[in-house]
Every structure is written in C-alpha cells, then in structure tokens.
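**Q** Attaching a single structure in structure tokens format; questions to follow.
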Amino acid sequence: MKSLLTVEQLSQYLHKSVANIRSDVTRNPRSLPPICRLPNTKRLLWRLESVEHWLAAHVEGLSRPAVSVCADDLRYAEAILPKPEQIAWQRSQRRKQASAHPTEAAAEM
C-alpha cells in the first residue's frame, strides 16, 4: 500500500506552514502536489509518490525528468505538465486505446 501524508506531514516535507497548505488547497492548488481525496471525506491527504514526482518536476536548473503517468492518474498529469504536453499525453493515451481495441476505435470514427 502506498503511503499517504497528512497536512502536518506535508508541511514538514515541504517546509511550509500548515496554514499555508490549507489556504493553497483552495486558493492556489497548483502550488501543491495533487491531493488524494478519499470518497465521502474532507480530509486532505497526499500520496508520497505523487509528492516526490511533483517535487522532481519542480527542480530548477535541471532537465525535466521523464514522468510516467498511469491512465487513472490524469489529475496528476494535469497538475505537473504544461498544456502542450498534456494534449500530447492525452493523444498518446487515445492511440494506445485505439491500438488495443481497433474495432471500437473504428466505430467511434
């Protein structure tokens, strides 16, 4: 099972105050790693893996690391990739789906 971080743990990890994190969740969500929301809860949690990927993508002065994003993690891709890369990623996902199911792709066209 993947580790989940609470607001307090994330604040220590990012060296930001808990108040700043809580404020950024609604006012500036792009300044934080993607949030992991559990169904029917308001609790703020972050996957440790997502936080580490997000930090790696925000290192200045280094080339951007290759990010492997699962199809079920579209929110993560939208949070860290610039718009042109998001579009390219979405197209590649459609191509993968079309090659995996050629009859369904032909029916959609």
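Every read-out reported here was derived from the displayed coordinates using simple, explicitly stated rules and does not represent laboratory data. Just so we're clear, the structure is a prediction, and the values are computed from it rather than from any experiment. Here the Cβ is made from the backbone with ideal geometry for all residues, glycine too, and neighbour counts use every protein chain on show.
**Q** Dipole of the stretch 1-66, Cα-centred, from +1 at each Lys and Arg C-beta and -1 at each Asp and Glu C-beta, to the nearest 20 debye? Can you show the working numbers first?
**A** Values: 10 positive and 5 negative charges, 63 e Å.
Here the stretch 1-66 has a charge dipole of around 300 debye.
**Q** Along the positive direction of the dipole of the stretch 1-58 (beta-carbon charges: Lys, Arg +1; Asp, Glu -1; about the Cα centre), which of Leu38, Ala57, Asn20 reaches farthest?
**A** My answer, from the dipole projection, is Leu38.
**Q** FRET efficiency for Arg94 and Leu48, Cβ-Cβ distance as r, R0 = 22 Å, nearest 0.05? Write down the numbers at each step before the final one.
**A** Values: r = 30 Å, r/R0 = 1.37.
In this case the efficiency is close to 0.15.
**Q** So for the stretch 1-66, averaging the separation of alpha carbon pairs under 8 Å that are six or more residues apart and normalising by length, what relative contact order in percent results? Present the calculation step by step, with values, prior to reporting the outcome.
**A** Numbers: 54 pairs, mean separation 22.4, N = 66.
The normalised contact order for the stretch 1-66 reaches 34 percent.
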